[in-house]
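The values are calculated or read from the model by the stated rules, or taken from the named source; none is laboratory data. Just so we're clear, the structure is a prediction, and the values are computed from it rather than from any experiment. Neighbour counts run over all protein chains shown; Cβ positions are idealised from the backbone, glycine included. Each accessible area value is taken on the protein alone, full model and side chains, heavy atoms only, with ligands, DNA and RNA left out. Shrake-Rupley method; radii C 1.70, N 1.55, O 1.52, S 1.80 Å.
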Amino acid sequence: MDGLEFKPVTETKVEKNTALIAMSGGVDSSVAAALTLKKGYNCIGCTMRLYENDMVGLDLLGTCCSIEDTKDARSVCDKLGIDYNIYHYEAEFRDKVIEPFVCSYERGETPNPCIRCNKYLKFDSLYKRARELGCDYIVTGHYARIEERDGHFYLLKAKDLNKDQSYVLYDLSEEQLRHTLFPLGEFTKPEVRAIAEENGFVTSHKSESQDICFVPDGDYAGMIHRYRGKDYPKGDFVDKDGNVLGTHDGIINYTIGQRRGLGIPADRRLYVTKLDVENNKVILADNIDLFKREMIIRDFHWITGSEPTNEFRCQAKIRYKHKEQPASVFPLGEKKARVVFDEAQRAITAGQSAVLYDGDIVLGGGIIDCVVD
């Protein structure tokens with residue numbers, strides 16, 4: 001893709017287009033609304049109500065569905081002089097995000113629910129709502145960029161690589177990108193906070209959560225226990241040769257690469273290297289055993305259309321905080337592909353997403369199905 005001359009979508013000022021802005025009650029979406037309004041769009045603010053306390057069994061104060069955050073979002077909209085609405089998507093969120101999240105852990109995977117929320121809620125349910133309202137665009141506070149050339153739309157990394165969220169947006173289609181704006185893509189986080197302060201937003205100094213919104217205490221296993229209303233059977237910790245090392249507390253409590261919380265006396269550090277769900281065993285081994293070169297991805301998605309049929313080179317990223325690495329991709333058909341890294345990567349984990357890049361451009365990606373030994 002060398003030589004493409006991109007034109008940022010957000011540089012085009014339009015006076016009549018209407019934008020529906022997803023407002024979480026945080027500083028990012030607040031500034032996204034202000035920047036969109038400043039560019040001349042007719043703006044409507046909204047908050048997506050995704051779940052109630054009884055869905056996850058916790059007090060959700062301080063999360064994106066709390067009353068406090070809803071009040072903050074409304075306050076920002078009032079300050080900007082734009083309409084504000086609350087839309088309810090609890091049923092969709094349960095079916096498309098929470099249930100798959102729990103099922104994934106039960107299969108011995110470690111999912112990223114933010115990716116499914118973006119795919120099915122923000123850029124499907126909300127996207128459809130925007131069209132019903134006659135809006136031309138939806139707007140979110142994600143740190144990413146959308147750029148266009150010759151009528152084609154591309155997803156790119158944000159200017160602020162420390163905040164870049166392109167990884168969780170890889171499942172969008174070119175058509176969705178055509179009707180989406182990411183106003184924060186050209187800004188750094190400090191610049192965003194400065195804009196919020198200049199506008200006197202109540203969200204300007206608001207801290208941001210580092211946890212999954214419906215697991216605000218970070219206890220994923222506890223949330224799954226409450227959601228399912230059951231306990232998961234204990235089983236054996238074993239080494240690579242099948243020797244029993246101790247007793248684990250249930251498969252859902254562990255993820256690949258985990259070292260802490262194992263409670264296994266040993267003369268060296270041991271790590272979770274595999275989850276054998278069928279036999280209810282957690283395999284422990286040395287750190288070196290976590291390094292692998294090959295993986296199979298499922299649900300392969302190519303942003304610009306039909307997936308390629310021939311081998312190609314790119315950089316691949318296997319988790320949100322992972323630095324993308326050179327790799328070869330071999331399409332297998334039926335939305336599957338084999339990815340082979342030039343160098344072994346640590347703790348490739350089923351359930352996470354493998355996102356493919358060509359420099360700053362997001363090509364697409366898929367869910368890591370398994371590691372090839």
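Express the Stokes-Einstein translational diffusion coefficient of the range 113-246 in µm² s⁻¹, to the nearest whole number, given a Kirkwood radius over alpha-carbon pairs, 37 °C and a viscosity of 0.692 mPa s. Don't skip to the end; give the middle numbers.
Numbers: Rh = 18.2 Å.
The estimated diffusion coefficient comes to 180 µm²/s.
Explain nothing, just the number: dipole magnitude of the chain about its Cα centre with +1 on each Lys and Arg Cβ and -1 on each Asp and Glu Cβ, in debye rounded to the nearest 20. Can you show the working numbers first?
Values: 50 positive and 60 negative charges, 41 e Å.
Dipole of the chain, to the nearest 20 debye: 200 debye.
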Just the ratio, please: alpha-carbon radius of gyration of the range 244-295 over 2.2 N^0.38 Å, N its number of residues. 1.11
Cross-link reach list, lysines versus residue 335, counting only Cα pairs under 27 Å and skipping chain neighbours closer than eight places: 96, 119, 122, 128, 157, 274, 292, 317, 321, 323
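Per DSSP H run of n ≥ 4, the term is -39500 (n - 2.57); total these for the chain, divide by its residue number, and report the mean residue ellipticity at 222 nm rounded to 500 deg cm²/dmol. Each step should come with its number before you reach the end.
Details: 10 runs with 78 residues, N = 373.
Estimated from H runs of four or more residues: -5500 deg cm²/dmol.
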Sequence order, the range 272-288: Karplus ³J(HN,Hα) from phi using 6.51 cos²θ - 1.76 cosθ + 1.60, θ = phi - 60°, Hz rounded, Gly and Pro as x, gives 6, 10, 6, 10, 9, 5, 4, 9, 6, 10, 10, 8, 10, 7, 7, 4, 4
If one takes the longest principal axis of the Cα atoms in the chain, at what angle in degrees, from 0 to 90 and to the nearest 10, does the Cα axis of helix 67-80 lie? 30
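Suppose all protein chains stay in the model; what accessible area per residue would a 1.4 Å probe give for the range 57-172, in Å²? Before the final figure, lay out each step's value.
Details: 4850 Å² over 116 residues.
On a per-residue basis, 42 Å².
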GNM flexibility winner over the chain from 218, 351, 257 (Cα, springs under 10 Å): 218
Which residues' amide hydrogens lie under 5 Å from the amide hydrogen of residue 86, considering only partners 5 or more residues apart or on another chain, with H built in the peptide plane? 47
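As an exercise, use a Förster radius of 41 Å and the Cβ-Cβ distance of residue 264 and residue 49 to find the FRET efficiency, rounded to the nearest 0.05. Write down the numbers at each step before the final one.
Values: r = 43 Å, r/R0 = 1.05.
So the FRET efficiency works out to roughly 0.45.
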Is there a quick way to get the dipole size of the range 28-176? I mean about its Cα centre, with the Cβ of Lys and Arg at +1 and of Asp and Glu at -1; what is the value in debye to the nearest 20? 440
Pop a pseudo-label 7 angstrom from the Cα along the beta-carbon direction at both residue 328 and residue 286 and give the gap in nm to one decimal. 2.9
From the phi of every residue in the range 93-109, what ³J(HN,Hα) in whole Hz does the Karplus formula 6.51 cos²θ - 1.76 cosθ + 1.60 yield, where θ is phi - 60° and glycine or proline is x? 5, 4, 6, 9, 10, 5, 4, x, 4, 5, 4, 5, 4, 5, 8, x, 9
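Take the solvent-accessible surface of the protein heavy atoms, probe 1.4 Å, and return the percent of it on the range 181-327 that carbon and sulfur atoms account for. Intermediate results must be reported in sequence, preceding the final value.
Numbers: 3630 of 7950 Å².
C and S atoms contribute 46 percent here.
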Does anyone have the angle between helix 27-38 and the longest principal axis of the chain? Alpha-carbon axes, 0 to 90°, nearest 10? 30
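Between the DSSP loop rule and a limit of at most 15 other Cβ atoms within 10 Å, which GluC sites (Glu not before Pro) in the range 256-320 are left? It would help to have the intermediate numbers written out before the result.
On the way: sites: 278, 294, 311; in loops: 278, 311.
Hits after loop and neighbour filter: 278, 311.
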Taking the Cα atoms of the chain, report the difference between the largest and smallest coordinate on each principal axis, in whole Å and largest first. 69, 50, 35
Can you give the Rg to Rh ratio of the range 263-373, both from alpha-carbon atoms, with Rh computed by the Kirkwood formula? 1.03
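With a probe of 1.4 Å, find how much accessible area the range 254-361 has per residue, and write the answer as a whole number in Å². Numbers along the way, then the final one.
On the way: 5500 Å² over 108 residues.
On a per-residue basis, the range 254-361 sits at 51 Å².
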Determine the distance separating the Cα centre of the range 246-314 from the Cα centre of the range 115-161; give it in Å without decimals. 31
